[in-house]
Amino acid sequence: MDFLSLFLMDFVKQLQSPTLGFLIGGMVIAALGSELVIPEAINQIIVFMLLMKIGLTGGQAIRNSNLTEMVIPAASAVAVGVLVVFIARYTLAKLPKVNTIDAIATGGLFGAVSGSTMAAALTLLEEQKMPYEAWAAALYPFMDIPALVTAIVVANIYLNQKKGKGSAAAHSTVQESFSKQPVAAGDYPDQQDYPRGRQEYLSKQQKPADNRVKIWPIVQESLQGPALSAMLLGIALGLFTQPESVYKSFYDPLFRGLLSILMLVMGMEAWSRLGELRKVAQWYVVYSVVAPVVHGFIAFGLGMIAHYTTGFSLGGVVILAVIAASSSDISGPPTLRAGIPSANPSAYIGASTAIGTPIAIGLCIPLFLGLAQAIGGR
């Protein structure tokens, strides 16, 4: 009962909070046909400011903390990022009318991290006065990059296997048709495999196309993405410089106001993506509702292991669970578009933005916060 009451209280508070309130408000005005538009340039500045603030906070905390405390939480973040992709590969991809490549891309986006969802969780933890390690925000890249890399690698392996099976089937058909042809005296069916001239011989000596997936370009593209670049820059500045004065006078006071505007933009975009989601299998809707909760519980369990073994705070456990429940809304889509061009963006972006993000913010944040408070006896 304590958990249920805490969850309901936090859920109601979250509905009344600017974070979810602005998100719902954006969806409502978009549904009513409002022509309100927040310029993309302003949106990019807001995202940069929020992630810089989170990065600066994490960098300062890492500078003053014992790095060995981060090992298990960071390993847990990596494990969750990879696992989420395989969950989608062997659950969503097996459902009727779901394209396997689209399912893998969806898993990659849900395994990657939403900076705005993480910012909303940090805000609520501060409002609830629940302590957490400031470096917990630095777990972002440990989950984000492995998820995107795994999705692109798994997708390319699947496509290469599919291509190989198609070539084998075509070759088998040709051989079968050839074997059925009459053979003249002195001819042998396998003679056509021998080169008839020097040019044909040289062409057969050429190396086959290299279909191996190169990992580093994927990692590099993720690191160069605007969201991760801003956060890593903030972490580096917080770690190697003394940014406390500009942090307290500029980034920290503006954080919540900028977050509310970002939520408004995300609400309007979420509504617009609902139309795209209708173009693909309805199983994406089911996945988008269930996946954030399942992923969050997996991360919460791993976080509790870190809590009991290294003293990782319950607030940190909540952050780990929330970033696992979130789905990337900034850096993930362009990375997947480049890495898995054959995947349908309507499927993975629609599932993430239209349903996954509201579920993560509105349901998962109060759910895991209430669970942590119940465990902690608050």
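Points to keep in mind about this one:
- Listed by position, the helices (runs of 4 or more DSSP H) enclosed by region 328-378 that each have at least 1 residues that are closer than 22 Å to Ala299 by Cβ, among the hydroxyl-bearing types (Ser, Thr, Tyr) and touching a Ser or Thr at 6+ places or on another chain (Cβ under 6 Å) are 332-339, 345-350.
- Of residues in region 86-106 being open to solvent by 50 Å² or more (accessible area, probe 1.4 Å) and assigned to a helix (DSSP H, G or I), the one farthest from Trp283 (Cα to Cα): Phe86
- Filter result for Gln220 (surrounded by fewer than 14 Cβ atoms within 10 Å (Cβ to Cβ), at pLDDT below 55 and polar (S, T, N, Q)): no
- Residue match in region 264-284 (condition: modelled with pLDDT of 85 or more, among the aromatic types (Phe, Trp, Tyr) and open to solvent by 30 Å² or more (accessible area, probe 1.4 Å)): yes
- A search for C-beta distances below 7 Å between a residue of region 353-378 that is on the phi < 0 side of the Ramachandran plot and any residue that is of a type in the set (Asp, Glu) and open to solvent by 10 Å² or more (accessible area, probe 1.4 Å), counting only pairs 6+ apart in sequence or on different chains, returns Thr353/Glu269; Thr353/Asp329; Thr357/Asp329; Ala374/Asp2.
- For Ser5, the conditions (1) at pLDDT below 75; (2) among the hydroxyl-bearing types (Ser, Thr, Tyr); (3) closer than 29 Å to Glu244 by Cβ are fulfilled apart from (3).
- Exactly one residue among Ser327, Ser249, Ser346, Ser245 is closer than 20 Å to Ile45 by Cα and of a type in the set (Gly, Ala, Ser), and that residue is Ser249.
- Yes/no for Val322 being under 26 Å from Gly370 (Cβ atoms) and in contact with a helix residue (DSSP H, G or I) (Cβ under 6 Å, 6 or more places away or on another chain): yes
- Candidates Ala230, Ala236, filtered to the one that is surrounded by fewer than 18 Cβ atoms within 10 Å (Cβ to Cβ), small (Gly, Ala, Ser) and either at pLDDT 95 or above or within 24 Å of Pro146 (Cα to Cα) (or both): Ala236
- The lone exception for Ile330 - which of (1) open to solvent by 40 Å² or more (accessible area, probe 1.4 Å); (2) touching a helix residue (DSSP H, G or I) at 6+ places or on another chain (Cβ under 6 Å); (3) over 19 Å from Ala120 (Cα atoms); (4) modelled with pLDDT under 90 it fails: (3)
- Looking at Leu122, Leu83, Leu109, just one residue is in a helix (DSSP H, G or I) and open to solvent by less than 10 Å² (accessible area, probe 1.4 Å), and that residue is Leu109.
- Within region 246-263, the set of residues being modelled with pLDDT of 90 or more and polar (S, T, N, Q) comprises just one member, Ser249.
The values are calculated or read from the model by the stated rules, or taken from the named source; none is laboratory data. Everything numeric here is computed off the predicted structure, so don't read it as measured data. Cβ coordinates were reconstructed from backbone atoms using ideal geometry, including for glycine residues, and neighbour counts include every protein chain displayed. Ligands, DNA and RNA are stripped out before the accessible areas are found, and what is left, the full protein with its side chains, is counted by its heavy atoms. Shrake-Rupley method; radii C 1.70, N 1.55, O 1.52, S 1.80 Å.
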